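Following: one structure in structure tokens, then a few remarks.
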Amino acid sequence: MKKTAKVDVKVAAPVPVQQAEIRFYRSNEKPYGVFSNLHRTPVTFEDQVFPTAEHAYQAGKAAKAAVRDWILSAPTPSLVAMAAHGLYTWDIVPNWSKIKFDRMRGVLRAKFSQHPALRDLLLSTGNARLVEVGTTDNAVNRLWGEVNGKGKNMLGVLLMEVRDELQQAKSAAPRRAVEAKSSKRSPRTRGELVSAP
């Protein structure tokens, strides 16, 4: 049986944004702290409910169940990240460097599709560039975000990809409704005349 997270995430009503760039970092910053993986929003992923997106992401990194359980037992999301970043290479799944971005994309899809308020806030950012702005200059912060304007900003890139997917799904929904409605009409053969009653 699939478990689902039930939570009422309180987010200010989204107002469409006209900014070229939106920066976020700390999970408690309003309104965009919810974009942080450390934000305490339950995420159902791979039939398991995780307290945060960071938990869901890091659960896939450990090669052994005991190591995964140890990581996930950390008392805060930031300590989950620290524990996972400190793993020895033999404790990490062998293909982690090849699968980690796909896993993060899947976790973000789950997070923003399971919580309508978060989805609406993400969609309200329009086409703005989303940037996780780290304060400590290290390899992890430069991979997932930017520090002093330098970095790959992969969390921001993946959030923008998920936003694009959600925008496409939202614009396709009315078309699907129209197509479904029109397909319910009685079929006619070519050249058949329809007489008025």
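The values are calculated or read from the model by the stated rules, or taken from the named source; none is laboratory data. Bear in mind that the values here come from a model prediction, so they are computed numbers and not experimental data. Neighbour counts are summed over all protein chains in view; Cβ atoms, including those assigned to glycine, are modelled from backbone coordinates with ideal geometry.
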| note | Of (1) loosely packed, with under 14 Cβ neighbours inside 10 Å; (2) closer than 24 Å to ALA81 by Cβ, PRO174 satisfies every one except (2)
| query | List the pairs whose first member sits in the stretch 109-124 and is closer than 16 Å to SER27 by Cα and surrounded by fewer than 19 Cβ atoms within 10 Å (Cβ to Cβ), whose second member is at pLDDT below 95 and among the acidic types (Asp, Glu), and whose Cβ atoms are under 9 Å apart, counting only residues at least 6 apart or on separate chains? | reply | ALA117/ASP8
| Is at least one residue of the stretch 37-60 in contact (Cβ under 8 Å) with a residue 60 or more places away in the chain, closer than 19 Å to GLU132 by Cβ and of a type outside the set (A, V, I, L, M, F, W, C)? | yes
| Cβ pairs under 7 Å, 6+ apart, first in the stretch 155-166 and surrounded by fewer than 18 Cβ atoms within 10 Å (Cβ to Cβ) and modelled with pLDDT of 95 or more, second assigned to a helix (DSSP H, G or I) and among the aromatic types (Phe, Trp, Tyr) | LEU166/PHE112
| Do you know which residues across the stretch 16-39 are in a loop (DSSP other than H, G, I, E, B) and more than 13 Å from the chain's Cα centre (by Cα)? | PRO16, VAL17, GLN18, GLN19, ALA20, TYR25, ARG26, SER27, ASN28, GLU29, LYS30, PRO31
| task | State all residues of the stretch 61-82 that are in contact (Cβ under 8 Å) with a residue 24 or more places away in the chain and of a type outside the set (S, T, N, Q); if no residue qualifies, say none. | result | LYS61, ALA62, ALA63, LYS64, VAL67, PRO77, VAL80, ALA81
